[in-house]
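Okay, structure first, notes after.
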Amino acid sequence: MIYSGYVNRLVSELAALPGIGEKSAQRLAFHMINMPPEKVKRLADTMIEARSRVKYCSGCYTLTDAEICPVCSNPSRDHSVIMVVEDTRDMAAYEKTGKYTGVYHVLHGAIAPMLGVGPGDIKIKELVTRCSGDDPVSEVILATNSSIEGETTAMYISKLIKPLGVKVTRIASGVPVGGDLEYIDEITLTRALDGRTEV
Ligand code: ZN
């Protein structure tokens with residue numbers, strides 16, 4: 001044990017976060033320990049407040065501070081067109097293009113049997129409910145990633161939604177395989193959306 005127990009605890013908490021390895025965790029831990037106490041408090045408070053105040057939009061399940069997100073509450077959006085994305089960051093990427101006028105449905109993940117993520121672990125049931133509700137749905141655009149998990153999820157959803165009489169489309173694969181939508185530029189995203197085909 002080179003470090004104190006508290007340092008070790010901080011390092012192991014940080015190292016448990018996604019994308020942070022042991023080295024980065026140590027670097028962050030030492031940085032935090034050398035920060036002025038009021039800055040550490042602000043960071044900790046922000047984390048706690050974000051965790052407790054941010055919730056799922058009751059319409060599309062994106063993360064929002066309000067009961068209903070700005071996209072869902074915008075009357076000039078086409079509420080009959082629903083784009084299905086894996087997470088809120090994907091939604092933000094499409095919003096940045098400024099070309100999409102429909103609404104979204106955020107799954108919060110993709111089906112990944114190897115990781116123990118089944119259809120019941122993401123917001124698929126909620127999508128089916130939206131598609132079979134009173135508000136008419138003219139199209140569901142499957143914009144999950146082009147990874148194996150994203151494709152599996154898209155296929156699974158189309159099998160559930162099509163029997164409801166809703167047109168189901170898949171975005172064009174201009175998006176590289178395994179590519180996270182959030183890293184793909186706006187032109188590619190717009191092309192993928194424009195080139196979508198019925199499945
Ligand atoms: Zn919403």
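The values are calculated or read from the model by the stated rules, or taken from the named source; none is laboratory data. Keep in mind it's a predicted model, so treat the numbers as computed, not measured. Using ideal geometry, Cβ is built from the backbone for each residue, glycine included, and neighbour counts are taken over all protein chains shown. Each accessible area value is taken on the protein alone, full model and side chains, heavy atoms only, with ligands, DNA and RNA left out. Shrake-Rupley method; radii C 1.70, N 1.55, O 1.52, S 1.80 Å.
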### Task
Of all residues in region 91-101, count the ones that are open to solvent by less than 10 Å² (accessible area, probe 1.4 Å) and away from the ligand (no atom under 16 Å from the Cβ).
0
### Query
In this structure, is L28 open to solvent by 50 Å² or more (accessible area, probe 1.4 Å) and in contact with a helix residue (DSSP H, G or I) (Cβ under 7 Å, 6 or more places away or on another chain)?
yes
### Residue check for A172: at pLDDT 95 or above, surrounded by 12 or more Cβ atoms within 10 Å (Cβ to Cβ) and more than 16 Å from the ligand (Cβ to nearest atom)
no
### Query
Out of V71, V84, which single residue is in contact with a Lys or Arg (Cβ under 7 Å, 6 or more places away or on another chain), modelled with pLDDT of 95 or more and within 15 Å of the ligand (Cβ to nearest atom)?
V71
### Query
Taking R42, is it of a type in the set (K, R) and under 23 Å from D121 (Cα atoms)?
no
### Query
Restricting to helices (runs of 4 or more DSSP H) lying wholly in region 1-119: which have 2 or more residues that are out of contact with any Asp or Glu (no Cβ under 9 Å at 6 or more places or on another chain) and outside the structural domain of I171 (by TED's automatic domain parsing)?
5-15, 22-33, 37-53
### Task
Any chance you could count how many residues in region 127-142 are within 13 Å of I82 (Cβ to Cβ) and surrounded by fewer than 18 Cβ atoms within 10 Å (Cβ to Cβ)?
8
### Query
Before we move on, is Y104 closer than 22 Å to R191 by Cα, of a type in the set (F, W, Y), within 14 Å of the ligand (Cβ to nearest atom) and under 15 Å from the mean Cα position of the chain (by Cα)?
yes
### Query
Looking at region 143-172, which of its residues are touching a strand residue (DSSP E or B) at 6+ places or on another chain (Cβ under 6 Å) and farther than 20 Å from D87 by Cα?
K162, V166, K167
### Message
With the structure loaded, tell me whether N8 is on the phi < 0 side of the Ramachandran plot, open to solvent by 40 Å² or more (accessible area, probe 1.4 Å), of a type outside the set (D, E, K, R) and within 16 Å of the ligand (Cβ to nearest atom) or whether it fails that test.
### Response
no
